[in-house]
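This report concerns only the one structure given below.
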Amino acid sequence: MAEHASWQLGIEGFSYADLYDPHRLADLAAAFDRHVEARDPGLLREFDAYRACQGEGMAPEQVSDLLVRMAPHLGDFVARLFHIEDARRRRMAKVVDEVRTVLRYRDAIVTKAAPKRFKREKVTDWDVAELDARFQTLLEALTDDRDDRERAVAELALRLAELHEEAERLAENGDVSPLEARLAPLRARLESHPGAAKRFAELLTAAPVAFVEALYDLALRWTFAAARHPELQRRVAGWIAFKTPARTDVNHLVPHSLVDRGVYRAWAAPEGRHRRRDGFHLTDARYRNLRPVLYEVDHCIYCHERDTDSCAKGMRDKKKGGYKTGPFGNPVTGCPLEEKISEMHWVKRQGDDIGALALIMVDNPMCPGTGHRICNECMKGCIYQKTEPVNIPEIETNVLTDVLHLPYGFEVYSLLTRWNPLNVRRPYMLPYNGKNVLVVGMGPAGYTLAHYLANEGFGVVGIDGLKIEPLPPELVGDLDTPPQPVEDFERLYEDLADRVMLGFGGVAEYGITVRWDKNFLKVIYLTLARRRNFRCY
């Protein structure tokens, strides 16, 4: 265990043991300031002013802007601290790539360019089978991605849109000769592909502008048809590029069918929506792929820039004061924690999960206990009231899990509960103040209270009526030895069917079904148990 205490982190002068010492956390905060000053001294001066006034007298938009600009610096710093810069860089590149391809195709081509071009036409008048055959041939000839059809279509359509824009610009200037050099590789690939050479024989000899216009029109026409023709719609089902928010009917919020049971009729989930319980395995695995999460992030309109982020602050009634009421007469108050939701979405869109998580944890450091399948007041307050709201709990939980699955990701989350420079009211935990507090009940309220008290320097003893199972001593550490770092979160993860109840978490342990991943309870329990001023019985 001694080697863990002396493990040298990526910030000079700090070892792993320092992350559990409040005095050294203060030094780490100063090191973060130096990190920011070297990269953006103006931002640090602005942030210093924010820390000094604690936000008093500042416009909410101004605070949000500062936090969104500071979060990436925190992501950089923490990644360097744990030597995970490369892993973070790869994750960010993947997100940015998805935004630049699939999401850009959705925004620029599916929802704008194609409907604009064919707004007076009907797909029923087209030979869709021939259209599809031509486009699929073009796709096979000009793209190499056979596994991800959605991405291949997006890349091709965007490439042709760029060429079309260039062709129009050059034609307007009266000289299209530079375009031919860019078209030569496309012509060559079409000529070398047997199917394409036959289907596009006449086009291959066309002038540059006509050549580009024909291919661009084909991509737009297929896109327009794919969003409207039943056969093509089935083929692109599940593609976020073609997903549109469903209408919200407040009188039919739960889709269901009626099943005749003989003496009575019962509600049942529609066919295809059944999720059968299989033992005690997790039955709702959340969004496992990045793309559906990014669709939700893209669905957000980032209201924090205008202080209209009702998901976090509620729908304010500017005329009468207070909150507006929902369709059932209840006040729309938004997130009870006033979490920085829109800001988190913006930073997630840049691919910075660490920065996004730090933003969540300013107001919700116990976020493993919220999110997907736990709370949705934020969705009720979303600006979208007549269609599907942004699935904020899914995004929040995805940000958390994406961090947890980075190398030393659990250590990143754990550190941010004790040290988070974005939280100007308590940027790092305080040393023990000599006062002790008893917290009765280790459910969500109890463990959250224990966290805040521990950060204020109190000694905290938590007790619960359930038997609290001990955690492995090497993962917890003691007064003299820091815990063993967790490099791979999978080491902690357990299948719910094999998991033994730890007793920690109150209603979250015994009152929530296997729709929710109770491994998050271990994350919270272990994070608290590692604190030197916390004991649980």
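The values are calculated or read from the model by the stated rules, or taken from the named source; none is laboratory data. All of these numbers come straight from a predicted model, not from anything done at the bench. Cβ atoms come from the backbone with ideal geometry, glycine included; neighbour counts cover every protein chain shown. The area values use the complete protein model at the heavy-atom level, side chains included, leaving out ligands, DNA and RNA. Shrake-Rupley method; radii C 1.70, N 1.55, O 1.52, S 1.80 Å.
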Practice prompt. Among the numbered conditions (1) aliphatic (A, V, I, L, M); (2) outside any helix (DSSP H, G or I); (3) in contact with a Lys or Arg (Cβ under 7 Å, 6 or more places away or on another chain), tell me where L204 comes up short.
Written response: (2)
Worksheet item: Going by the structure shown, is R373 at pLDDT 95 or above, assigned to a loop (DSSP other than H, G, I, E, B), among the charged types (D, E, K, R) and out of contact with any His (no Cβ under 8 Å at 6 or more places or on another chain)?
Response: no
Worksheet item: Restricting to the stretch 176-209, what's the tally of residues that are open to solvent by 80 Å² or more (accessible area, probe 1.4 Å) and more than 14 Å from A141 (Cα to Cα)?
Response: 3
Practice prompt. Might you let me know whether the stretch 326-343 holds any residue that is open to solvent by 40 Å² or more (accessible area, probe 1.4 Å), farther than 14 Å from E377 by Cα, under 16 Å from the mean Cα position of the chain (by Cα) and at pLDDT 95 or above?
Written response: no
Worksheet entry | Failed condition for K320, given (1) buried (at least 17 other Cβ atoms within 10 Å of the Cβ); (2) out of contact with any Cys (no Cβ under 7 Å at 6 or more places or on another chain); (3) of a type outside the set (A, V, I, L, M, F, W, C) | (1)
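With the structure loaded, tell me whether K386 is in contact with a strand residue (DSSP E or B) (Cβ under 9 Å, 6 or more places away or on another chain), among the basic types (K, R) and modelled with pLDDT under 95 or whether it fails that test.
yes
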Worksheet item: Of everything in the stretch 287-317 that's open to solvent by 20 Å² or more (accessible area, probe 1.4 Å), charged (D, E, K, R) and over 12 Å from the mean Cα position of the chain (by Cα), which residue is farthest from V347 (Cα to Cα)?
Response: D317
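Return yes or no: is T111 among the polar types (S, T, N, Q) and free of Cβ contacts under 8 Å to residues at least 40 places away in the same chain?
Values: among the polar types (S, T, N, Q): yes; free of Cβ contacts under 8 Å to residues at least 40 places away in the same chain: yes.
Yes: the conditions hold for T111.
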Worksheet item: When you look at E388, is it surrounded by 24 or more Cβ atoms within 10 Å (Cβ to Cβ) and either closer than 19 Å to L294 by Cβ or free of Cβ contacts under 8 Å to residues at least 40 places away in the same chain (or both), yes or no?
Response: no
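Could you grab me the full set of residues in the stretch 150-167 that are surrounded by 14 or more Cβ atoms within 10 Å (Cβ to Cβ) and free of Cβ contacts under 8 Å to residues at least 60 places away in the same chain?
Applying the first criterion (surrounded by 14 or more Cβ atoms within 10 Å (Cβ to Cβ)) to the stretch 150-167 yields 150-161, 163-164, 166-167.
Hits for the stretch 150-167 are R151, A152, E155, L158, R159, L160, A161, L163, H164, E166, A167.
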Discussion item. Going by what's in this entry, would T333 be described as hydroxyl-bearing (S, T, Y), outside any helix (DSSP H, G or I) and either farther than 19 Å from Y525 by Cα or in contact (Cβ under 8 Å) with a residue 60 or more places away in the chain (or both)?
Written reply: yes
Discussion item. Quick check on V209: is it modelled with pLDDT under 90, outside any strand (DSSP E or B) and at negative phi?
Written reply: no
Worksheet item: Do you know which residues across the stretch 243-258 are touching a strand residue (DSSP E or B) at 6+ places or on another chain (Cβ under 8 Å), at pLDDT below 90 and surrounded by 10 or more Cβ atoms within 10 Å (Cβ to Cβ)?
Response: H256, S257
